[in-house]
1. Take each of the peptides 24-37, 47-60, average the number of other beta-carbon atoms within 10 Å over its residues, and list them starting from the highest.
2. Which value, in Å² rounded to 10, gives the accessible area of ARG18 with a 1.4 Å probe and all protein chains present?
3. Taking K and R as +1 and D and E as -1, what net charge do the other residues with C-beta under 13 Å from the C-beta of GLN56 add up to?
Amino acid sequence: MERTERNESEHANLRLIRMAALVPSVPEIRYLLARILICPPTRKPFILAWSWWRRQHQAAATISHYKRRNYAQL
């Protein structure tokens, strides 16, 4: 495959989206602290696993959204 500026920018955008998915937002951090510190009947591993799944799902949805809309760049 020929390396073009467009190909390189698309790969950079995907990397940024994946990296952003791993960083929890401020509301997500607040939610996690509230769930872990204030309401501990649910186990911490479950809460953290759910948060990880949610961020991965949001990242996949973002990628699908941009692919479907055929955005060249974010």
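1. Descending packing order for the listed peptides: 47-60, 24-37.
2. 140 Å²
3. Overall, the nearby charge balance is +2.
The values are calculated or read from the model by the stated rules, or taken from the named source; none is laboratory data. Note that the structure is predicted; figures quoted are calculated from it, not measured. Don't worry about glycine lacking a Cβ; one is built from the backbone with ideal geometry, like all the others, and counts go over all protein chains shown. The area values use the complete protein model at the heavy-atom level, side chains included, leaving out ligands, DNA and RNA. Shrake-Rupley method; radii C 1.70, N 1.55, O 1.52, S 1.80 Å.
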